[in-house]
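Trainee: Just dropping this structure here.
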Amino acid sequence: MAQPPAKTGNADVAAFLAQVAAMPAVRTAGVPGRLLFAMDATASRQPSWDQACHLQAGMFQAAATVGSLAVSLAYYRGYGEFAATPFLTDAAEVTRRMTGVRCLAGRTQILRVLNHALAETRRSRIHALVFVGDAVEEEADLLCHTAGGLGMHGTPVFIFHEGGAPAPAAVLRQIARLSGGAYAPFDAGSAAALQELLRAVAVFAAGGRAALAALPGPQARRIAGQLPAPKR
């Protein structure tokens with residue numbers, strides 16, 4: 001079993017969007033980019049869930065400028081509940097499904113999200129996994145090992161960490177790094193920054209790193225700066 005790389009050093013939002021542009025991505029003409037949009041839907045997350053419902057349509061709009069996008073919504077909540085939709089190309093349908101979900105108290109199930117993404121991308125590549133959450137209550141080694149598996153399959157994880165608390169941040173940064181993705185903290189008042197982050201990853205999923213590099217704005221540059229150099 002391969003050992004995970006050494007822990008990453010400090011990375012902040014200023015480096016996040018600068019990282020995504022460094023990532024390789026292969027597209028087949030006419031095939032939508034596939035993005036898994038996963039959220040923590042435990043009790044504390046309702047305000048952010050409602051915010052994301054309003055922002056996610058922007059992902060489709062941004063992706064449409066460089067290609068097309070198919071999004072699967074995944075979430076966990078309550079006592080071991082986990083759900084994931086099919087990959088959808090209609091922003092209105094994704095919004096409809098999101099607005100029907102109410103957050104419930106429970107523990108984090110990030111490993112379940114990562115395992116679901118790994119199983120899906122083995123069948124048909126997922127070009128990006130977005131995870132939005134605020135806490136980590138699971139074994140870090142298992143999370144990091146699975147993140148490394150996603151990286152080997154070319155599925156980077158983009159972590160949007162609400163609050164940026166140091167303990168979960170250390171684990172979430174590792175997940176992003178081992179998968180070849182990127183990490184960015186945000187707070188409840190930074191809806192504009194979160195929207196720009198989501199739009200940037202959607203552009204990457206639909207059009208690859210070249211499309212991201214052409215996207216204006218500080219958040220796009222922050223993601224691009226964290227991505228690993230392309231493999232030669």
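The values are calculated or read from the model by the stated rules, or taken from the named source; none is laboratory data. As the structure is a prediction and not an experimental result, all values here were calculated from the model. Every residue, glycine among them, receives a Cβ derived from its backbone with ideal geometry; neighbour counts consider all protein chains shown. In case anyone asks, the SASA skips ligands and DNA or RNA and just uses the protein heavy atoms, side chains included. Shrake-Rupley method; radii C 1.70, N 1.55, O 1.52, S 1.80 Å.
Trainee: Can you find, within the range 159-186, the residue that is nearest to residue 112 (Cα to Cα) among those that are free of Cβ contacts under 8 Å to residues at least 40 places away in the same chain and open to solvent by 40 Å² or more (accessible area, probe 1.4 Å)?
Mentor: 167
Trainee: Separate question: Kindly indicate the residue of the range 111-158 that is of a type in the set (Lys, Arg) and assigned to a helix (DSSP H, G or I) and also surrounded by the fewest Cβ atoms within 10 Å (Cβ to Cβ) among those meeting that condition.
Mentor: 123
Trainee: I would also like to ask the following. Anything in the range 55-87 that is part of a strand (DSSP E or B) and crowded, with 18+ Cβ neighbours inside 10 Å? List them, or say none.
Mentor: 69, 70, 71, 72, 73, 74, 75, 76, 77, 84
Trainee: Give the number of residues within the range 152-169 that are modelled with pLDDT of 95 or more and among the small types (Gly, Ala, Ser).
Mentor: 2
Trainee: Given the criterion of a type in the set (S, T, N, Q) and over 25 Å from residue 211 (Cβ atoms), identify the matching residue among 68, 72, 44.
Mentor: The unique qualifying residue is 44.
Trainee: Would you pick out the residues in the range 41-54 that are of a type outside the set (Gly, Ala, Ser) and open to solvent by 20 Å² or more (accessible area, probe 1.4 Å)?
Mentor: If the condition is that a residue be of a type outside the set (Gly, Ala, Ser) and open to solvent by 20 Å² or more (accessible area, probe 1.4 Å), then 46, 47, 50, 51, 54 are the ones that fit.
Trainee: State which residue pairs qualify: first residue touching a residue at least 12 places away in the same chain (Cβ under 8 Å) and inside the range 121-146, second residue in a loop (DSSP other than H, G, I, E, B) and buried (at least 20 other Cβ atoms within 10 Å of the Cβ) in any location, beta carbons under 7 Å apart, and separation of 6 or more residues or different chains.
Mentor: Close Cβ pairs satisfying both conditions: 121/155; 125/155; 126/155; 127/25; 128/156; 129/155.
Trainee: Restricting attention to the range 43-54, does a residue exist that is part of a helix (DSSP H, G or I), without any contact (Cβ under 8 Å) to a residue 40 or more places away in the chain and over 14 Å from residue 198 (Cα atoms)?
Mentor: So far as the range 43-54 goes, yes, one or more of its residues are part of a helix (DSSP H, G or I), without any contact (Cβ under 8 Å) to a residue 40 or more places away in the chain and over 14 Å from residue 198 (Cα atoms).
Trainee: Can you work out which of the residues in the range 187-232 that are of a type in the set (Gly, Ala, Ser) and open to solvent by 60 Å² or more (accessible area, probe 1.4 Å) is modelled with the lowest pLDDT?
Mentor: If we take residues in the range 187-232 being of a type in the set (Gly, Ala, Ser) and open to solvent by 60 Å² or more (accessible area, probe 1.4 Å), then 229 is modelled with the lowest pLDDT.
Trainee: What do you reckon, is residue 24 at pLDDT below 75 and in contact with a Leu (Cβ under 7 Å, 6 or more places away or on another chain)?
Mentor: So residue 24 fails the test.
Trainee: Consider the range 97-110. How many of its residues are outside any loop (DSSP other than H, G, I, E, B) and either closer than 15 Å to residue 154 by Cβ or modelled with pLDDT of 95 or more (or both)?
Mentor: Qualifying residue count, the range 97-110: 1.
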